[in-house]
1. Are there DSSP H segments in the chain that both extend 24 Å or more along their axis (alpha-carbon positions) and score a mean Kyte-Doolittle hydropathy of at least 1.6? List them, or say none.
2. Which order do peptides 233-245, 82-94 fall in by mean Cβ count within 10 Å, highest first?
3. Which translational diffusion coefficient, to the nearest whole µm²/s, is obtained for region 46-124 from the Stokes-Einstein equation, given a Kirkwood hydrodynamic radius over C-alpha pairs, 37 °C and 0.692 mPa s?
4. Starting from one equal scatterer on each C-alpha and no solvent at all, send me the Debye-based log10 I(q)/I(0) for the chain at q = 0.13, 0.15 Å⁻¹, two decimals.
5. I'd like the isolated cysteines in the chain, meaning no second cysteine's beta-carbon lies under 4.7 angstrom from theirs.
6. Quick one: accessible area per residue over the chain, 1.4 Å probe, rounded to a whole number of Å²?
7. When you count, for each residue, the other Cβ atoms within 10 Å and take the mean per peptide, how do 162-172, 5-15, 254-264 rank with the highest first?
8. Amide H of Leu303: which non-local residues (sequence gap of 5 or more, or other chain) have their own amide H closer than 5 Å, using H built in the peptide plane?
Amino acid sequence: MSSSPAIAAASAAVVALAVANRVLYKLALVPLKQYPFFLAQLTTFGYVAVYFSILYARYRAGVVTGDMLALPKRRLAAIGLLEALGLAAGMSAGAMLPGPAIPILSQSFLVWQLIFSALLLGRTYSMRQIIGCFLVASGVILAVASGANEGQFLSEVKFIWLALMVASSAFQAGASILKESVFIDGAKRLKGRRPDIFVVNSFGSGFQALFVFLLLPLLSNLKGIKFAELPAYLNGGAECFLNVDDSLIDCGGAPFLPLLFILVNMAFNIALLNLVKLSSALVASLTATSAVPISIYILSLPLPYIPHGAELSSSFILGGVVLLMGLIIYNLPQSSKKQSKIE
(Lines give C-alpha, C1' and ligand atoms only; values in the text may rest on other atoms or scores of the structure.)
Protein backbone atom coordinates (compact mmCIF):
# COMPACT_ATOMS: atom_id res chain seq x y z
CA MET A 1 0.00 0.00 0.00
CA SER A 2 1.28 3.48 -0.86
CA SER A 3 2.13 6.23 1.62
CA SER A 4 -0.61 8.19 3.42
CA PRO A 5 0.20 11.53 1.69
CA ALA A 6 -0.18 9.90 -1.73
CA ILE A 7 -3.50 8.32 -0.73
CA ALA A 8 -4.72 11.61 0.76
CA ALA A 9 -3.83 13.48 -2.43
CA ALA A 10 -5.52 10.86 -4.61
CA SER A 11 -8.61 10.89 -2.37
CA ALA A 12 -8.87 14.69 -2.59
CA ALA A 13 -8.65 14.44 -6.39
CA VAL A 14 -11.43 11.81 -6.49
CA VAL A 15 -13.76 13.92 -4.30
CA ALA A 16 -13.16 17.08 -6.32
CA LEU A 17 -13.62 15.29 -9.66
CA ALA A 18 -16.67 13.34 -8.42
CA VAL A 19 -18.42 16.57 -7.42
CA ALA A 20 -17.43 18.28 -10.69
CA ASN A 21 -18.58 15.22 -12.66
CA ARG A 22 -22.05 15.21 -11.07
CA VAL A 23 -22.53 18.97 -11.43
CA LEU A 24 -21.29 19.07 -15.02
CA TYR A 25 -23.52 16.09 -15.87
CA LYS A 26 -26.53 18.31 -15.24
CA LEU A 27 -24.98 21.44 -16.75
CA ALA A 28 -24.02 19.60 -19.95
CA LEU A 29 -27.68 18.67 -20.45
CA VAL A 30 -28.84 22.31 -20.21
CA PRO A 31 -27.84 23.34 -23.77
CA LEU A 32 -28.58 19.83 -25.11
CA LYS A 33 -31.85 19.31 -23.23
CA GLN A 34 -33.65 18.43 -26.46
CA TYR A 35 -30.77 16.23 -27.69
CA PRO A 36 -29.75 13.88 -24.85
CA PHE A 37 -29.15 10.97 -27.24
CA PHE A 38 -26.76 13.08 -29.29
CA LEU A 39 -24.75 13.78 -26.13
CA ALA A 40 -24.87 10.06 -25.26
CA GLN A 41 -23.44 9.19 -28.68
CA LEU A 42 -20.78 11.90 -28.47
CA THR A 43 -19.73 10.77 -24.97
CA THR A 44 -19.57 7.12 -25.98
CA PHE A 45 -17.38 7.73 -29.04
CA GLY A 46 -15.10 9.86 -26.88
CA TYR A 47 -14.65 6.90 -24.51
CA VAL A 48 -13.95 4.55 -27.42
CA ALA A 49 -11.21 6.78 -28.84
CA VAL A 50 -9.48 7.26 -25.46
CA TYR A 51 -9.78 3.67 -24.20
CA PHE A 52 -8.59 2.04 -27.43
CA SER A 53 -5.67 4.48 -27.62
CA ILE A 54 -4.62 3.44 -24.10
CA LEU A 55 -5.22 -0.24 -24.94
CA TYR A 56 -2.99 0.03 -28.01
CA ALA A 57 -0.22 1.67 -25.97
CA ARG A 58 -0.45 -1.06 -23.31
CA TYR A 59 -0.39 -3.77 -25.99
CA ARG A 60 2.74 -2.25 -27.51
CA ALA A 61 4.30 -2.13 -24.03
CA GLY A 62 3.54 -5.83 -23.48
CA VAL A 63 1.10 -5.26 -20.61
CA VAL A 64 -1.83 -6.53 -22.70
CA THR A 65 -1.28 -9.92 -24.35
CA GLY A 66 -2.76 -11.51 -27.44
CA ASP A 67 -4.58 -14.06 -25.27
CA MET A 68 -6.34 -11.21 -23.46
CA LEU A 69 -7.51 -9.72 -26.75
CA ALA A 70 -8.73 -13.16 -27.89
CA LEU A 71 -11.13 -13.59 -24.94
CA PRO A 72 -14.81 -14.26 -25.92
CA LYS A 73 -16.72 -11.07 -26.65
CA ARG A 74 -20.29 -12.23 -25.91
CA ARG A 75 -20.37 -10.87 -22.34
CA LEU A 76 -18.61 -7.71 -23.48
CA ALA A 77 -21.39 -7.18 -26.03
CA ALA A 78 -23.97 -7.59 -23.23
CA ILE A 79 -22.03 -5.06 -21.16
CA GLY A 80 -22.12 -2.63 -24.08
CA LEU A 81 -25.88 -3.06 -24.48
CA LEU A 82 -26.57 -2.47 -20.76
CA GLU A 83 -24.28 0.57 -20.64
CA ALA A 84 -25.92 1.99 -23.78
CA LEU A 85 -29.37 1.61 -22.21
CA GLY A 86 -28.09 3.09 -18.94
CA LEU A 87 -26.50 6.07 -20.66
CA ALA A 88 -29.52 6.81 -22.84
CA ALA A 89 -32.00 6.41 -19.95
CA GLY A 90 -29.85 8.47 -17.58
CA MET A 91 -29.35 11.36 -19.98
CA SER A 92 -33.04 11.40 -20.98
CA ALA A 93 -34.08 11.56 -17.32
CA GLY A 94 -31.24 13.89 -16.30
CA ALA A 95 -32.40 16.48 -18.82
CA MET A 96 -35.83 16.62 -17.15
CA LEU A 97 -34.96 16.22 -13.43
CA PRO A 98 -33.93 18.93 -10.96
CA GLY A 99 -30.17 18.79 -10.36
CA PRO A 100 -30.24 17.60 -6.70
CA ALA A 101 -32.41 14.59 -7.61
CA ILE A 102 -29.79 13.08 -9.92
CA PRO A 103 -27.11 12.09 -7.36
CA ILE A 104 -29.77 10.81 -4.96
CA LEU A 105 -31.56 8.55 -7.48
CA SER A 106 -28.24 7.36 -8.91
CA GLN A 107 -27.36 5.79 -5.55
CA SER A 108 -29.95 3.07 -6.19
CA PHE A 109 -26.99 1.57 -8.10
CA LEU A 110 -25.87 -0.11 -4.86
CA VAL A 111 -29.25 -1.81 -4.37
CA TRP A 112 -29.31 -3.16 -7.92
CA GLN A 113 -25.69 -4.25 -7.66
CA LEU A 114 -26.40 -6.28 -4.53
CA ILE A 115 -29.43 -7.94 -6.16
CA PHE A 116 -27.66 -8.78 -9.43
CA SER A 117 -24.48 -10.06 -7.78
CA ALA A 118 -26.58 -12.39 -5.61
CA LEU A 119 -28.56 -13.65 -8.63
CA LEU A 120 -25.78 -13.86 -11.24
CA LEU A 121 -22.65 -14.54 -9.16
CA GLY A 122 -24.21 -16.36 -6.22
CA ARG A 123 -22.76 -13.86 -3.73
CA THR A 124 -23.98 -13.71 -0.13
CA TYR A 125 -23.89 -10.60 2.04
CA SER A 126 -23.62 -9.84 5.73
CA MET A 127 -26.54 -8.45 7.71
CA ARG A 128 -24.67 -5.13 7.95
CA GLN A 129 -24.48 -4.88 4.16
CA ILE A 130 -28.16 -5.80 3.78
CA ILE A 131 -29.12 -3.12 6.35
CA GLY A 132 -26.96 -0.59 4.49
CA CYS A 133 -28.65 -1.53 1.21
CA PHE A 134 -32.10 -1.20 2.84
CA LEU A 135 -31.21 2.29 4.09
CA VAL A 136 -30.05 3.30 0.59
CA ALA A 137 -33.37 2.13 -0.87
CA SER A 138 -35.27 3.93 1.92
CA GLY A 139 -33.34 7.13 1.26
CA VAL A 140 -34.18 6.99 -2.44
CA ILE A 141 -37.88 6.40 -1.66
CA LEU A 142 -37.95 9.31 0.81
CA ALA A 143 -36.30 11.59 -1.74
CA VAL A 144 -38.75 10.58 -4.49
CA ALA A 145 -41.68 10.94 -2.09
CA SER A 146 -40.71 14.60 -1.65
CA GLY A 147 -42.40 15.21 -4.99
CA ALA A 148 -45.73 13.72 -3.96
CA ASN A 149 -46.99 16.91 -2.31
CA GLU A 150 -47.85 20.10 -4.11
CA GLY A 151 -45.13 22.71 -3.85
CA GLN A 152 -42.26 20.24 -3.42
CA PHE A 153 -39.49 20.60 -5.98
CA LEU A 154 -40.24 17.18 -7.54
CA SER A 155 -44.02 17.72 -7.62
CA GLU A 156 -44.02 18.85 -11.26
CA VAL A 157 -41.74 16.04 -12.48
CA LYS A 158 -43.42 13.12 -14.23
CA PHE A 159 -42.88 9.73 -12.60
CA ILE A 160 -41.47 8.34 -15.86
CA TRP A 161 -38.31 10.48 -15.47
CA LEU A 162 -37.77 9.31 -11.88
CA ALA A 163 -38.26 5.69 -12.97
CA LEU A 164 -35.89 6.15 -15.93
CA MET A 165 -33.10 7.44 -13.66
CA VAL A 166 -33.50 4.45 -11.32
CA ALA A 167 -33.62 2.12 -14.35
CA SER A 168 -30.42 3.73 -15.61
CA SER A 169 -28.72 2.72 -12.36
CA ALA A 170 -30.08 -0.82 -12.78
CA PHE A 171 -28.57 -1.13 -16.27
CA GLN A 172 -25.22 0.22 -15.07
CA ALA A 173 -25.22 -2.11 -12.05
CA GLY A 174 -25.94 -5.09 -14.31
CA ALA A 175 -23.03 -4.07 -16.53
CA SER A 176 -20.70 -3.81 -13.52
CA ILE A 177 -21.60 -7.34 -12.38
CA LEU A 178 -21.03 -8.69 -15.90
CA LYS A 179 -17.62 -6.97 -15.93
CA GLU A 180 -16.75 -8.78 -12.71
CA SER A 181 -17.82 -12.08 -14.28
CA VAL A 182 -15.56 -11.32 -17.27
CA PHE A 183 -12.59 -10.91 -14.92
CA ILE A 184 -13.44 -14.15 -13.09
CA ASP A 185 -13.89 -16.14 -16.31
CA GLY A 186 -10.86 -14.48 -17.90
CA ALA A 187 -8.65 -15.49 -14.97
CA LYS A 188 -9.64 -19.14 -15.58
CA ARG A 189 -8.92 -18.90 -19.30
CA LEU A 190 -5.62 -17.06 -18.75
CA LYS A 191 -4.45 -19.56 -16.08
CA GLY A 192 -4.75 -17.24 -13.09
CA ARG A 193 -3.85 -13.95 -14.76
CA ARG A 194 -6.72 -11.45 -14.83
CA PRO A 195 -7.52 -9.57 -18.06
CA ASP A 196 -6.24 -6.01 -18.24
CA ILE A 197 -8.93 -3.50 -17.25
CA PHE A 198 -8.56 -1.61 -20.54
CA VAL A 199 -9.41 -4.77 -22.52
CA VAL A 200 -12.78 -4.85 -20.78
CA ASN A 201 -13.32 -1.07 -20.91
CA SER A 202 -12.27 -0.70 -24.56
CA PHE A 203 -14.38 -3.49 -26.03
CA GLY A 204 -17.26 -2.69 -23.67
CA SER A 205 -17.20 0.94 -24.84
CA GLY A 206 -16.96 -0.16 -28.46
CA PHE A 207 -20.09 -2.30 -28.15
CA GLN A 208 -21.74 0.51 -26.17
CA ALA A 209 -21.15 2.95 -29.04
CA LEU A 210 -22.60 0.44 -31.50
CA PHE A 211 -25.74 -0.16 -29.42
CA VAL A 212 -26.32 3.54 -28.68
CA PHE A 213 -26.29 4.12 -32.43
CA LEU A 214 -28.53 1.11 -33.18
CA LEU A 215 -30.99 2.04 -30.41
CA LEU A 216 -31.36 5.63 -31.57
CA PRO A 217 -34.49 4.90 -33.68
CA LEU A 218 -36.23 3.15 -30.76
CA LEU A 219 -35.12 5.60 -28.09
CA SER A 220 -35.91 8.65 -30.19
CA ASN A 221 -39.37 7.24 -30.92
CA LEU A 222 -40.00 7.15 -27.17
CA LYS A 223 -39.25 10.89 -27.21
CA GLY A 224 -41.80 11.39 -30.03
CA ILE A 225 -39.18 11.58 -32.82
CA LYS A 226 -40.11 9.48 -35.88
CA PHE A 227 -37.46 7.43 -37.67
CA ALA A 228 -37.73 9.64 -40.76
CA GLU A 229 -37.00 12.66 -38.57
CA LEU A 230 -33.88 11.08 -36.99
CA PRO A 231 -31.33 12.58 -39.45
CA ALA A 232 -32.80 16.02 -38.79
CA TYR A 233 -32.62 15.31 -35.03
CA LEU A 234 -28.92 14.38 -35.23
CA ASN A 235 -28.21 17.39 -37.43
CA GLY A 236 -30.03 19.60 -34.93
CA GLY A 237 -28.01 18.06 -32.10
CA ALA A 238 -24.76 18.78 -33.95
CA GLU A 239 -25.83 22.38 -34.63
CA CYS A 240 -26.82 22.85 -30.99
CA PHE A 241 -23.56 21.28 -29.78
CA LEU A 242 -21.56 23.59 -32.04
CA ASN A 243 -23.90 26.45 -31.03
CA VAL A 244 -24.25 27.73 -34.60
CA ASP A 245 -26.22 30.90 -35.18
CA ASP A 246 -29.05 29.24 -37.14
CA SER A 247 -29.89 26.74 -34.37
CA LEU A 248 -33.65 26.75 -33.72
CA ILE A 249 -33.29 26.65 -29.88
CA ASP A 250 -31.14 28.38 -27.31
CA CYS A 251 -27.96 26.31 -26.90
CA GLY A 252 -26.11 28.64 -24.56
CA GLY A 253 -23.19 26.89 -22.88
CA ALA A 254 -22.40 24.60 -25.82
CA PRO A 255 -19.94 23.25 -26.81
CA PHE A 256 -17.99 24.23 -23.68
CA LEU A 257 -20.18 22.54 -21.05
CA PRO A 258 -20.67 19.19 -22.86
CA LEU A 259 -16.95 18.95 -23.71
CA LEU A 260 -15.99 19.88 -20.15
CA PHE A 261 -18.29 17.15 -18.79
CA ILE A 262 -16.75 14.50 -21.07
CA LEU A 263 -13.19 15.48 -20.08
CA VAL A 264 -13.98 15.62 -16.36
CA ASN A 265 -15.86 12.31 -16.51
CA MET A 266 -12.83 10.59 -18.05
CA ALA A 267 -10.51 12.23 -15.52
CA PHE A 268 -12.77 11.05 -12.67
CA ASN A 269 -12.74 7.44 -13.90
CA ILE A 270 -8.93 7.49 -14.18
CA ALA A 271 -8.54 9.11 -10.73
CA LEU A 272 -10.86 6.53 -9.15
CA LEU A 273 -8.89 3.69 -10.72
CA ASN A 274 -5.66 5.26 -9.46
CA LEU A 275 -7.04 5.45 -5.89
CA VAL A 276 -8.03 1.77 -6.03
CA LYS A 277 -4.47 0.98 -7.10
CA LEU A 278 -2.92 3.07 -4.30
CA SER A 279 -5.23 1.92 -1.50
CA SER A 280 -8.26 -0.33 -1.85
CA ALA A 281 -11.71 -0.52 -3.40
CA LEU A 282 -13.17 0.25 0.05
CA VAL A 283 -11.29 3.56 0.35
CA ALA A 284 -12.27 4.47 -3.23
CA SER A 285 -15.94 3.66 -2.59
CA LEU A 286 -16.14 5.70 0.62
CA THR A 287 -14.29 8.60 -1.02
CA ALA A 288 -16.66 8.70 -3.99
CA THR A 289 -19.65 8.44 -1.61
CA SER A 290 -18.58 11.59 0.23
CA ALA A 291 -19.22 13.56 -2.97
CA VAL A 292 -22.97 12.84 -2.89
CA PRO A 293 -24.09 15.39 -0.26
CA ILE A 294 -21.68 18.01 -1.62
CA SER A 295 -23.10 17.52 -5.12
CA ILE A 296 -26.68 17.79 -3.85
CA TYR A 297 -25.93 21.06 -2.08
CA ILE A 298 -24.15 22.61 -5.09
CA LEU A 299 -26.91 21.54 -7.50
CA SER A 300 -29.52 23.18 -5.26
CA LEU A 301 -27.78 26.56 -5.69
CA PRO A 302 -28.25 28.99 -8.60
CA LEU A 303 -25.66 28.03 -11.23
CA PRO A 304 -24.68 29.36 -14.66
CA TYR A 305 -27.48 28.41 -17.09
CA ILE A 306 -29.56 27.16 -14.11
CA PRO A 307 -30.20 30.51 -12.38
CA HIS A 308 -33.19 29.50 -10.25
CA GLY A 309 -31.67 26.58 -8.35
CA ALA A 310 -33.94 24.29 -6.33
CA GLU A 311 -35.35 24.53 -2.84
CA LEU A 312 -34.72 21.27 -0.99
CA SER A 313 -37.68 19.91 0.98
CA SER A 314 -37.23 18.42 4.44
CA SER A 315 -38.15 14.93 3.22
CA PHE A 316 -35.57 15.19 0.42
CA ILE A 317 -32.86 16.22 2.89
CA LEU A 318 -33.91 13.38 5.24
CA GLY A 319 -33.76 10.96 2.32
CA GLY A 320 -30.24 12.14 1.49
CA VAL A 321 -29.09 11.67 5.10
CA VAL A 322 -30.62 8.15 5.31
CA LEU A 323 -29.04 7.24 1.97
CA LEU A 324 -25.59 8.47 3.06
CA MET A 325 -25.88 6.49 6.33
CA GLY A 326 -26.72 3.39 4.30
CA LEU A 327 -23.70 3.84 2.03
CA ILE A 328 -21.37 4.28 5.00
CA ILE A 329 -22.78 1.26 6.86
CA TYR A 330 -22.54 -0.87 3.70
CA ASN A 331 -18.86 0.05 3.29
CA LEU A 332 -17.79 -0.31 6.91
CA PRO A 333 -14.79 -2.66 7.20
CA GLN A 334 -15.22 -6.13 8.65
CA SER A 335 -12.77 -8.76 9.81
CA SER A 336 -10.97 -10.74 7.12
CA LYS A 337 -12.32 -13.97 8.62
CA LYS A 338 -15.93 -12.82 8.11
CA GLN A 339 -15.06 -11.39 4.71
CA SER A 340 -13.75 -14.73 3.48
CA LYS A 341 -16.93 -16.49 4.58
CA ILE A 342 -19.22 -13.99 2.89
CA GLU A 343 -17.43 -13.53 -0.42
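1. Helix filter hits for the chain: 127-145, 197-222, 256-278, 314-331.
2. Details: 233-245: 15.6, 82-94: 24.6.
Answer by packing, highest mean first, reads 82-94, 233-245.
3. Estimated via Stokes-Einstein, D reaches 208 µm²/s.
4. Results for the chain at q = 0.13, 0.15 Å⁻¹ read -1.10, -1.47.
5. Those would be Cys133, since no other cysteine Cβ in the chain comes under 4.7 Å of theirs.
6. On the way: 16750 Å² over 343 residues.
Here the per-residue accessible area is 49 Å².
7. Numbers: 162-172: 20.5, 5-15: 16.2, 254-264: 18.5.
Sorting 162-172, 5-15, 254-264 by mean packing, highest first, produces 162-172, 254-264, 5-15.
8. Residues meeting the amide H criterion: His308, Gly309.
The values are calculated or read from the model by the stated rules, or taken from the named source; none is laboratory data. Bear in mind that the values here come from a model prediction, so they are computed numbers and not experimental data. Counting neighbours? That spans all protein chains shown, and the Cβs are built from the backbone with ideal geometry, glycine included. Just so you know, the surface numbers come from the protein's heavy atoms only, side chains and all, with ligands and any DNA or RNA stripped out. Shrake-Rupley method; radii C 1.70, N 1.55, O 1.52, S 1.80 Å.
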